[in-house]
Amino acid sequence: MEQLVTTKLERALPGGLSKAQFGVLNHLVRLGKRESPAELASAFQVSRPTMTNTVHKLAAKGFVHIVPHETDGRSKIVLITPAGVAIRGKALAALAPLFAQIGSDLGVDIFKTAVPLLTRVRIYLDENR
């Protein structure tokens, strides 16, 4: 199921964004804070090298800046750029019809039932990592 969803998402995402890259941009905008690659890796439950790769790809596209941490010279901070905010907005707009179609085809009741159950599973897994 994840592979099917990822394929659908990535076909709809603009700017050559991957699901992981969109996730990072969405996270930075939604939370409105700056995070280190290590903090992002923890939030997304991926390895630090995996997140560093994702962040560097976003930086190459101009969607984030990677700057030295103000107080810890060994670490970096990831800052979303105006271009990153803009592509995230475009991505949300591109995904809206996809989600509307899924909702129309399957009905919203299936999600009203599934989301609370999946939330319980996510909370359990998060608390027991």
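The values are calculated or read from the model by the stated rules, or taken from the named source; none is laboratory data. The structure presented is a predicted model; accordingly, all values stated were derived computationally and were not measured. Reconstructed Cβ throughout: ideal geometry from the backbone, glycine too, with neighbour counts over all protein chains shown. The area values use the complete protein model at the heavy-atom level, side chains included, leaving out ligands, DNA and RNA. Shrake-Rupley method; radii C 1.70, N 1.55, O 1.52, S 1.80 Å.
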Of Leu118, Leu58, Leu17, which has the largest mean-square fluctuation in a 10 Å C-alpha GNM of the chain? Leu118
Inter-label distance for Leu79 and Lys33, nm, one decimal - labels placed 7 Å from Cα along Cα-to-Cβ: 1.8
Nearest-10 value in Å² for the accessible area of Ile87, using the 1.4 Å probe: 20
Apply the Karplus parameterisation 6.51 cos²θ - 1.76 cosθ + 1.60, with θ equal to phi minus 60°, to every residue of segment 113-123 and state each ³J(HN,Hα) to the nearest whole Hz, in sequence, with x for glycine and proline. 7, 6, 4, x, 5, 5, 5, 4, 5, 4, 4
Sort the following peptides by mean Cβ neighbour count (other Cβ atoms within 10 Å, averaged over residues), highest first: 24-35, 60-71. 24-35, 60-71
Run through all the Cα pairs of segment 1-41 and give the fraction in each 10 Å bin from 0, expressed as whole percent. 27, 44, 28, 1
For the chain, just the Cα atoms, rotate onto the principal axes and tell me the three extents in Å, largest first. 51, 36, 24
Along the Cα→Cβ direction, 7 angstrom out, place labels at Asp126 and Ala86. What is the inter-label distance in nm? 3.3
Taking a temperature of 10 °C and a viscosity of 1.306 mPa s, what whole-number D in µm²/s does Stokes-Einstein yield for segment 25-82 with Rh from Kirkwood over alpha carbon pairs? 140
Between Glu35 and residues 5 or more places away or on another chain, the pairs with built amide H atoms under 5 Å apart involve Val78
Tilt relative to the chain, helix 82-106 - C-alpha long axis, 0 to 90 degrees, to 10: 20
Suppose a student asked you for the relative contact order of segment 15-93, using Cα pairs under 8 Å spaced at least 6 residues apart; what percent would you report? 32
Between helix 48-60 and the chain, what is the angle of the helix's C-alpha long axis to the longest principal axis, kept within 0 to 90° and rounded to the nearest 10? 80
How tilted is helix 2-12 with respect to the longest principal axis of the chain? Cα atoms for both, answer in degrees (0 to 90, nearest 10). 70
